[in-house]
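These notes concern the structure reproduced below.
The values are calculated or read from the model by the stated rules, or taken from the named source; none is laboratory data. What you see is a predicted model; the values in this text were computed from it and never measured. Backbone-built Cβ (ideal geometry, glycine too); neighbour counts: all protein chains shown.
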Amino acid sequence: MTTPILRLKLATFVLASLLAATASAQTYPTKPVNLVVTVPAGGSIDAVARIVAQGLGGALGQPVVVQNRAGAGGTIAADYVAKAPPDGYTLLITSSSTLAIEPYLYKSLPFDPEKNFAPVIMPARQNLILVVHPKLNVSTYKEFVPLLKAQSAKLNYGSSGEGTLPHLAGVLFNAYTGTNAHHVPYKGIAPAMNALVSGEVDFMFDSASTIEQIRSGKLRALAVIGPKRLPVLPEVRTFRELGLPQMEAARAYYAILAPAGTPADVVQRLNRDIARVLRQPGSAEKISTIGLENATSTPEELASALRDDLKHFAGIVKQANIAAQ
């Protein structure tokens, strides 16, 4: 049985906790917020980061500064944020592949994707595009596959790095089409795109950074992962429509996270304010224009998606036969 003194102490503790949470929500933020990006400037993750930063800064009343910390498949940026103070002033924006694939690629990953982060929101879904250089002289997927089968030992594909989703998409594509194109990794999707435009590589699975090059005719889009066509490229069919629905295994989304231990009220405010930014017509249009699907989620929904992907990609990475580093 609790004594009156014990009950008073418990009530005082609960009240103090509530007051602390209220104070945290009312005072945050008092200085600029850093949004750390896992890729170099120019990629689609970076584009989404800048859309979020611009709108979120106005909502918070403080500047949101985009910091690009590229390298090692996103683990450099993720490790930096995981070790940052859990106060809401350092956030990470990344592809889900950094969190769901990297654990299977490194023998000693410097962070735990579930334990070291507080999920905030899913700002967009990613639909990879199969893009080829015009020098291959193919205009459709049906033309490309026979060429690849005949010359796969001579052809190569670029990616944003070893073990990234564009790399695994290429691995799956080789497996499902019975081809053997050579993989050439780059430090980010933007350098890989530049290599494709210059003809240094023959094709790649792009995260939508090549939209303008496709429109101008510098590159050709042959298929999208799906399950839906991209509004920005409505004429390009999905792999499901082309008879290869297995390619949908290379699914992805972007995620914004804070260090684990960030106060729940701060996470909720960030979720609410970022969702409002993403729902604005201008933001939604920009995200659609760069070939992504606008999306929002609760922190709990993002956490659930991450748990599912950690299970989903375990088998795919094993199939890719990538040695742990």
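Observations
- Beta carbons closer than 8 Å, at least 6 apart along the sequence or on distinct chains, pair a first residue in region 232-249 that is touching a residue at least 12 places away in the same chain (Cβ under 8 Å) and within 21 Å of residue 215 (Cβ to Cβ) with a second that is among the hydroxyl-bearing types (Ser, Thr, Tyr) and not in a loop (DSSP other than H, G, I, E, B) for 232/288; 232/289; 237/141.
Each row is one residue, and each column tells you yes or no for (1) of a type in the set (A, V, I, L, M, F, W, C); (2) surrounded by fewer than 20 Cβ atoms within 10 Å (Cβ to Cβ); (3) in contact (Cβ under 8 Å) with a residue 24 or more places away in the chain.
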site	(1), (2), (3)
76	yes, yes, yes
98	no, no, yes
139	no, yes, yes
147	yes, yes, no
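- A count restricted to region 248-274 and to residues that are modelled with pLDDT of 95 or more and either in a helix (DSSP H, G or I) or among the polar types (S, T, N, Q) (or both) stands at 12.
- Selection from region 241-259 of residues that are in contact with a Pro (Cβ under 9 Å, 6 or more places away or on another chain) and closer than 21 Å to residue 98 by Cα: 248, 250, 251, 253, 254, 255, 256, 257, 258, 259
- Among the residues of region 286-296, those that are assigned to a helix (DSSP H, G or I) and surrounded by fewer than 19 Cβ atoms within 10 Å (Cβ to Cβ) comprise 286, 288, 289.
- Within region 51-66, residues that are within 18 Å of residue 265 (Cβ to Cβ) reach partners that are in a loop (DSSP other than H, G, I, E, B) with beta carbons closer than 6 Å, at six or more positions or on different chains, in the pairs 60/29; 62/29; 62/32.
- Yes/no for residue 283 being modelled with pLDDT of 90 or more, assigned to a loop (DSSP other than H, G, I, E, B) and either surrounded by 17 or more Cβ atoms within 10 Å (Cβ to Cβ) or not assigned by TED's automatic domain parsing to the domain that holds residue 113 (or both): no
- The set of residues in region 55-102 that are within 24 Å of residue 322 (Cα to Cα) and aliphatic (A, V, I, L, M) comprises 70, 72, 76, 77, 78, 99, 100, 101.
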